[in-house]
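The values are calculated or read from the model by the stated rules, or taken from the named source; none is laboratory data. In this text the structure is predicted, and so the values were computed from the model without any measurement. Neighbour counts are summed over all protein chains in view; Cβ atoms, including those assigned to glycine, are modelled from backbone coordinates with ideal geometry.
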Amino acid sequence: MELTGKRIALGITGGIAAYKSPELVRLLIKEGATVQVVMTEAATRFIAPVTFQALSGKPVFSDQWDSRVANNMAHIDLSRDADVILVAPASADFLAKLAHGLADDLLSTLALARDCPLLVAPAMNRQMWENVATQRNVATLDGDGIAILGPACGDQACGEIGLGRMIEPEALVAALIAFFQPKRLSGKKVLLTAGPTFEAIDPVRGITNLSSGKMGFAVARAAQEAGAEVILISGPANQPTPLGVTRIDVVSGLEMHSAVMKHAARQDVFIGIAAVADYRPKTVAEHKIKKDGQGAPAIELVQNPDILADVAALPVPPLCVGFAAESTNLAEYAERKRKAKKVPLIVGNLIQDGFGGDNNTLTLFDDGGATPLPAGSKIELARALVAHIATLLVKVR
Ligand code: C5P
């Protein structure tokens with residue numbers, strides 16, 4: 001329930017993507033939000049208001065001259081009662097109206113009369129999106145401080161493939177949750193590693209580990225929500241990329257090392273969450289290793305570079321944060337790692353508490369001593385970690 005108590009005015013304009021808006025309402029309600037739906041006349045041609053009324057538990061507004069509103073100022077009341085206005089889908093026509101400050105129906109009047117932030121999720125045919133007029137309007141809206149969510153790329157209802165699809169309801173909910181997070185890392189650049197690495201033995205085999213990547217992806221999401229520009233360098237992890245995060249996929253520890261070193265110098269924060277394999281096979285067999293009756297082959301291992309220690313050793317390093325996953329003696333090993341890698345903060349977790357799951361327990365080890373975070377979901381812990389990192393940034397910079 002990440003939107004408890006939040007009041008959302010959800011505008012729906014006339015586009016085929018309106019068929020996804022009932023699902024959006026359902027997900028917002030599930031997260032604890034109050035949703036007031038406002039539809040344009042064209043939107044009601046695509047989907048009946050009664051659907052939204054049933055899902056939101058509130059009558060839908062679409063008529064500027066609605067006699068249910070005693071003072072006939074629905075646009076003012078709706079704006080006063082909202083923490084945020086989200087228009088999804090937002091048609092090309094609606095974006096054009098917004099850009100020019102037109103107010104010829106209830107939703108556009110509400111948008112003009114708002115005293116709360118406005119987010120729009122454009123949805124239209126690829127050519128309409130690419131049209132210079134739409135692009136000019138979008139640039140105007142961006143300059144006016146209106147958040148533009150999407151559009152996404154892919155198959156379109158018109159049979160074309162390209163940019164113009166509304167981003168999915170789940171992503172819109174994530175964007176709203178992000179919107180309400182404090183912007184503690186605004187203007188900061190954060191680089192992270194996540195997931196396992198895969199060290200090839202031959203073309204089909206390799207050495208890897210059971211890291212799911214969930215904790216690293218949660219921290220990337222929390223940093224992005226906090227306003228940072230985030231680059232996430234991930235080993236083979238089957239996790240969705242958090243909205244607004246730049247993801248670079250790598251396979252081996254060496255690849256991860258070179259991707260990190262390419263970006264590290266320009267960052268404010270580096271967080272190493274990947275479970276990098278300590279060792280890799282010295283050579284990778286060109287062909288699949290066969291059973292040849294000569295007994296088991298020996299695989300010679302060599303040590304992988306320590307990415308975190310190398311970033312911390314840069315002439316002007318970003319604020320470096322490491323993770324220590326241990327099965328025993330967490331405090332002792334974490335402190336030892338902090339000294340050995342010369343990093344100001346090590347985040348310790350017991351493998352049995354968090355590996356692969358959705359929840360975790362974390363303890364932060366820094367110059368201030370050990371700070372246990374309350375047990376929780378990985379995203380809750382990631383937000384608490386980001387808040388702690390923000391306080392350290394203020395101290396060191
Ligand atoms: O040395 P150890 O693997 O226990 O340390 C864990 C921390 O160091 C994590 O933050 C991990 O991402 C980072 N690490 C690294 N490169 C390695 C090994 C670990 O960046 N080769």
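Okay, here's what the table says:
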{"item": "Those helices (runs of 4 or more DSSP H) lying entirely in region 286-356 with at least 3 residues under 28 Å from the mean Cα position of the chain (by Cα) and not basic (Lys, Arg)", "result": "307-312, 351-354"}
{"item": "Elements of type helices (runs of 4 or more DSSP H) contained in region 69-115, each with 3 or more residues being modelled with pLDDT of 95 or more and buried (at least 20 other Cβ atoms within 10 Å of the Cβ)", "result": "92-100, 106-112"}
{"item": "Flag for VAL138 being surrounded by 23 or more Cβ atoms within 10 Å (Cβ to Cβ), of a type outside the set (Gly, Ala, Ser), within 24 Å of ILE177 (Cα to Cα) and modelled with pLDDT of 95 or more", "result": "no"}
{"item": "Subset of region 13-69 [of a type in the set (A, V, I, L, M, F, W, C), over 16 Å from LEU176 (Cα atoms) and in contact (Cβ under 8 Å) with a residue 40 or more places away in the chain]", "result": "ILE16, ALA17, ALA18, VAL38, MET39, ALA42, PHE52, PHE61"}
{"item": "From the options ALA237, ALA226, ALA200, residue that is under 20 Å from ASP358 (Cα atoms), touching a Pro at 6+ places or on another chain (Cβ under 9 Å) and at pLDDT 95 or above", "result": "ALA237"}
{"item": "Qualifying residue in region 374-392 (condition: in a loop (DSSP other than H, G, I, E, B) and either over 27 Å from ILE177 (Cα atoms) or away from the ligand (no atom under 12 Å from the Cβ) (or both))", "result": "yes"}
{"item": "Residues satisfying the stated conditions in region 357-373, i.e. in contact with a strand residue (DSSP E or B) (Cβ under 8 Å, 6 or more places away or on another chain) and either in a loop (DSSP other than H, G, I, E, B) or of a type outside the set (Val, Ile, Thr) (or both)", "result": "ASP358, ASN359, ASN360, THR361, LEU362, LEU364, PHE365, ASP366, ALA370, PRO372, LEU373"}
{"item": "Counted residues, region 342-367 - those being closer than 22 Å to GLU380 by Cβ and either touching a residue at least 24 places away in the same chain (Cβ under 8 Å) or within 12 Å of the ligand (Cβ to nearest atom) (or both)", "result": "18"}
{"item": "Filtered residues of region 312-329 (kept if under 18 Å from THR197 (Cα atoms) and either surrounded by fewer than 16 Cβ atoms within 10 Å (Cβ to Cβ) or modelled with pLDDT of 90 or more (or both))", "result": "GLY322, PHE323, ALA324"}
{"item": "Residues of region 305-329 that turn out to be within 12 Å of the ligand (Cβ to nearest atom) and farther than 18 Å from LEU191 by Cβ, as a count", "result": "4"}
{"item": "From LYS291, LYS339, residue being over 23 Å from GLY213 (Cα atoms), assigned by TED's automatic domain parsing to the domain that holds ALA237 and within 15 Å of the ligand (Cβ to nearest atom)", "result": "LYS339"}
{"item": "Entirely in region 21-68, the helices (runs of 4 or more DSSP H) that have 1 or more residues that are charged (D, E, K, R)", "result": "21-30, 41-46"}
